[in-house]
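Report on one structure; see the data block that follows.
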Amino acid sequence: MNLKNIIATYYPDGSNTYQLLLIHSEQVAKKSVHCARHFKKEHLDVDFIWEAAMLHDIGIFMTYAPKIGCFGRFPYICHGYLGKKILEQQGLKRHARVCERHVGVGLTIPDIQHQNIPLPEKDMQPETIEEQIICYADKFYSKSSHIYEEKSIEMIERELSAYSDRSVYIFRKWHERFSIL
């Protein structure tokens, strides 16, 4: 699978957004694979983890996020759901699930309802270990500011606490399972 070709289908090769997306995706992919290789409890599909992490943000171009060069018509929070549609059209259903389920620590129906999120009311929480690892790794990197710096646990928890205590709790559980100390 040529991941860069898939990305270049939606992002002009060499554009700032293309470069930003590649940097972020590679950071998430490297951390995801590192976590997966050290997770001893079961066999994980490391090739899939790399591919899905590289494609997890494919839908950002359809959102309105001018700071990262995206001028689409949807709110940024929709990028996972939109990315799912893109990857399903590419025949990548398993990868598409990662797109849909990586936003925050995953979204529940009550999250969508209570926060008035413009998404279909359906459960979008990561279910498989691979989905959880990619979602966990994604929290460590930003696409907008300080792109080359890994966020601290404290910073991630502070950001997640703005949404819910449940988000912080889930992240802490993932950190206990997936972090390499």
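Tabulated results
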{"item": "Cα radius of gyration and Dmax for the range 101-181 (Å)", "result": "12.8, 38"}
{"item": "Total charge dipole magnitude, the chain, about the Cα centre, Cβ charges on Lys, Arg, Asp, Glu only, Debye to nearest 20", "result": "40 debye"}
{"item": "Per-pair calculated FRET efficiency, R0 = 30 Å: residue 26 and residue 166 via Cβ, rounded to 0.05", "result": "0.50"}
{"item": "When the range 137-181 is reduced to its Cα atoms, the Kirkwood hydrodynamic radius in Å", "result": "11.1 Å"}
{"item": "Distance in nm between pseudo-label sites at residue 127 and residue 176 (7 Å out along the Cβ direction from Cα)", "result": "2.4 nm"}
{"item": "Extended-chain gain in nm, criterion 0.36 nm per residue less alpha-carbon gap, residue 40 and residue 77", "result": "10.0 nm"}
{"item": "Cα gyration tensor shape for the range 46-114, rounded if a/c is under 1.5, else prolate or oblate", "result": "oblate"}
{"item": "Straight-distance crosslink candidates among lysines, where the alpha carbon sits under 17 Å from residue 85 and sequence neighbours closer than 8 are dropped", "result": "93, 122"}
{"item": "R0 of 22 Å, Cβ-Cβ distance residue 85-residue 115: FRET efficiency to nearest 0.05", "result": "0.55"}
{"item": "Relative counts (whole %) of C-alpha pair distances in the range 1-77, using bins that are 10 Å wide", "result": "19, 44, 26, 10, 1"}
{"item": "Residues of the range 42-72 with amide N under 17 Å of a point placed 7 Å along Cα→Cβ from residue 19", "result": "67-70"}
{"item": "Where N is the number of residues in the chain, Cα Rg divided by 2.2 N^0.38 Å", "result": "0.96"}
{"item": "Highest-MSF residue in the chain out of 24, 79, 38 [GNM, Cα springs under 10 Å]", "result": "38"}
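The numbers here are math on the coordinates, done by the rules we state, and not lab data. The model shown is predicted, which means the values in this text are computed figures rather than measured ones. All Cβ positions, glycine included, derive from the backbone under ideal geometry; neighbour counts span all protein chains shown.
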